[in-house]
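S.K.: I'd like to ask you about the structure that follows.
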Amino acid sequence: MRTLLLLCFVLLTGFAQAEQKQVFGDYEVHYMGLTSSELDAKVARLYDIPRSRNVGFLNIAVLKKGVSDMPVAWDAKIEGEMSNLIGQKSELEFKRIQETSALYFISTFDFYDQNMYRFHIKVTPEGSKRTFDVKFNQKFYRGE
């Protein structure tokens with residue numbers, strides 16, 4: 001069942017506008033935001049993710065290069081906040097999800113239809129003293 005989550009994220013990645021990642025030396029930070037109603041119901045239930053037309057879902061994955069031939073999932077401390085265009089801020093709380101060879105950090109949040117949000121995520125990879133700032137904007141739409 002756990003591999004179902006990985007499959008869900010892989011399939012949803014195909015819907016993304018473009019690959020959403022930022023590279024910081026040996027680290028890649030991948031991120032994806034969508035309306036939580038787009039998640040598979042079984043996956044949402046398994047990980048206690050509320051499915052709603054007005055709830056956003058954010059997935060962060062940190063990969064480290066140079067450990068093996070392919071980048072590997074890497075643990076990290078993830079903190080973040082989001083704000084709307086008039087500057088109202090909300091803290092994001094992240095839940096760590098460990099699978100066999102994958103590691104995700106997920107957060108949910110309420111949003112207003114067709115509003116643009118600014119995200120500021122601080123990523124401190126395990127074993128690193130550096131914190132990386134991941135910043136991006138995304139518009140959210142009410143789901144079906």
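None of the figures in this text is laboratory data; all of them are computed from the coordinates on show. Bear in mind the structure is a predicted one, so any value in this text is a computation, not a measurement. Don't worry about glycine lacking a Cβ; one is built from the backbone with ideal geometry, like all the others, and counts go over all protein chains shown.
S.K.: Rounded to the nearest 0.05, what FRET efficiency is calculated for R130 and L85 with R0 set to 35 Å and r the Cβ-Cβ distance?
M.R.: 0.70
S.K.: Quick check: pseudo-label points 7 Å beyond the Cα along Cα→Cβ at E93 and K122, how many nm apart are they?
M.R.: Between E93 and K122, the simple spin-label model gives 1.8 nm.
S.K.: What is the gain in length, in nm to one decimal, between D69 and N54 on full extension, counting 0.36 nm per residue of separation less the C-alpha to C-alpha distance?
M.R.: Computed gain between D69 and N54 is 1.4 nm.
S.K.: Nothing charged except the Cβ atoms of Lys and Arg (+1) and of Asp and Glu (-1): what's the magnitude of the dipole of the chain about its Cα centre? Round to the nearest 20 debye.
M.R.: That gives a dipole near 120 debye.
S.K.: Taking the chain as a Gaussian network, Cα atoms linked when under 10 Å apart, which of E79, E126, E93 shows the biggest mean-square fluctuation?
M.R.: Of E79, E126, E93, the Gaussian network model singles out E126 as fluctuating most.
S.K.: Sticking with this structure for a sec: Taking the inverse of the average 1/r across all pairs of different Cα atoms in segment 2-140, what Kirkwood radius in Å do you get?
M.R.: About 15.5 Å for segment 2-140.
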